[in-house]
1. Which one of SER19, SER23, SER64 is closer than 29 Å to THR133 by Cβ and either of a type outside the set (Lys, Arg) or in contact with a Phe, Trp or Tyr (Cβ under 7 Å, 6 or more places away or on another chain) (or both)?
2. Looking at VAL75, is it on the phi < 0 side of the Ramachandran plot and surrounded by 13 or more Cβ atoms within 10 Å (Cβ to Cβ)?
3. Within the group TYR2, TYR35, which residue is exposed (fewer than 12 other Cβ atoms within 10 Å of the Cβ) and of a type in the set (Phe, Trp, Tyr)?
4. I'd like to check something: does segment 125-138 contain any residue that is in contact with a helix residue (DSSP H, G or I) (Cβ under 6 Å, 6 or more places away or on another chain) and outside any strand (DSSP E or B)?
5. Given the condition in a loop (DSSP other than H, G, I, E, B), within 13 Å of the ligand (Cβ to nearest atom), of a type outside the set (Asp, Glu) and closer than 24 Å to GLN22 by Cβ, answer yes or no: does some residue in segment 86-97 qualify?
6. Every residue in segment 52-81 that is within 14 Å of the chain's Cα centre (by Cα), in a loop (DSSP other than H, G, I, E, B) and without any contact (Cβ under 8 Å) to a residue 40 or more places away in the chain, please.
7. If I filter segment 98-113 down to residues being within 9 Å of the ligand (Cβ to nearest atom) and over 13 Å from ASP81 (Cα atoms), which single residue comes out as surrounded by the fewest Cβ atoms within 10 Å (Cβ to Cβ)?
8. Determine which single condition ASN128 fails, assuming it passes every other condition in (1) without any contact (Cβ under 8 Å) to a residue 60 or more places away in the chain; (2) touching a Lys or Arg at 6+ places or on another chain (Cβ under 8 Å); (3) of a type outside the set (Val, Ile, Thr).
Amino acid sequence: MYKIININTIKTEKEGELSFFQSNDDVDFVINRIYYIHGVKKNTKRGKHAHKKLQQILFCPYGSIDIILDDGYDVRVITLDNPTIGLIIGPAIWREMIWKVDDSVLCVAASLLYDESDYIRDYNEFKNYVKGTKNNGD
Ligand code: TYD
C-alpha cells in the first residue's frame, strides 16, 4: 500500500509556509523514528529495498526526487517536488529513489526503530515475499 497525502500547511502572506503532520490524525501509525537523506547529487539512485513491517511517510522539503514504487505487480513513479505533499508507504513495497536536483532533501518519519531484519534488499526475495503474503491472505 502507498498513498499520497496533502500535508497540512499554514500559509502567510510574507513569512512563508509551515507544514505539519502528526500521528493518528494524519498518518495512521505512531512515529518512532525520523531520518533524512541530504548531500546527494543529481541522478543518484538510492533505496532498492522493501520492508516487511515498516510504515513510513516520505516528504521532500527541498528539491525534486522521483520515487519508483513496485508492489510486485505494478510499477509507478511519484515525483516529490513539493514540501506540502507526503507519500505514505506501507510494507512490501520495493522502492528506489532518484535525485533529480542536486542536494534535494528526503525526509522520512517511520513507525519503527531501525531494524536491519525488517529490510528485504534482494529483488527476487521481494518478489517471492509478495507472492507468499498474497497466498497467505495477509
Ligand atoms: P538505507 O535504508 O539502506 O538507505 P537508502 O535506502 O537511502 O539507500 O540505509 C543506509 C545505511 O544507513 C544502512 O547501512 C543502514 C543505515 N541506517 C541506520 O543505521 N539507521 C536508520 O534509521 C536508517 C534509515 C539507515
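The values are calculated or read from the model by the stated rules, or taken from the named source; none is laboratory data. Since we're looking at a predicted model, the values are computed, not measured. Cβ: placed from backbone, ideal geometry, glycine included. Neighbour counts: every protein chain shown.
1. Exactly one of SER19, SER23, SER64 is closer than 29 Å to THR133 by Cβ and either of a type outside the set (Lys, Arg) or in contact with a Phe, Trp or Tyr (Cβ under 7 Å, 6 or more places away or on another chain) (or both), namely SER23.
2. no
3. TYR35
4. Taking every residue of segment 125-138 in turn, none turns out to be in contact with a helix residue (DSSP H, G or I) (Cβ under 6 Å, 6 or more places away or on another chain) and outside any strand (DSSP E or B).
5. Yes: segment 86-97 contains one or more residues that are in a loop (DSSP other than H, G, I, E, B), within 13 Å of the ligand (Cβ to nearest atom), of a type outside the set (Asp, Glu) and closer than 24 Å to GLN22 by Cβ.
6. The answer is ASP81, and nothing else.
7. LEU113
8. Result: ASN128 fails condition (2) only.
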